Amino acid sequence: MTRQVNLYEAKTQLSQLVEDAAKGEEIIIAKNGEPMAVLKPLPKPEQGKRVLGQLKGLVGLGPDFDAADEEIERLFYEGDLNEPPVPFKHE
């Protein structure tokens, strides 16, 4: 659907005209009855299909990515983690 509005009306009702255009209406803005501009909805962007594997060969894991941290192992087997828990004192 297309309708024509004069410039003064367009200035005073711009918010409503933009909403109408977003809903699919095409609005011609005229000055002294002569069409000057068109307000129409923008096309909705198309969502492209996701392509998996775009980073294949560009990202890798180091040879030691799953190696244990020596400090954490030491604390786990020898350190404070094996000490009995200290009771919590609420004051």
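Things to note:
- Test result for A30, small (G, A, S) and at pLDDT 95 or above: yes
- Screening S15 with (1) among the polar types (S, T, N, Q); (2) touching a strand residue (DSSP E or B) at 6+ places or on another chain (Cβ under 9 Å); (3) on the phi < 0 side of the Ramachandran plot gives one miss only, at (2).
The values are calculated or read from the model by the stated rules, or taken from the named source; none is laboratory data. What you see is a predicted model, and the numbers here were worked out from it, not measured in a lab. Glycine gets a Cβ as well: all are built from the backbone with ideal geometry, and neighbour counts include every protein chain shown.
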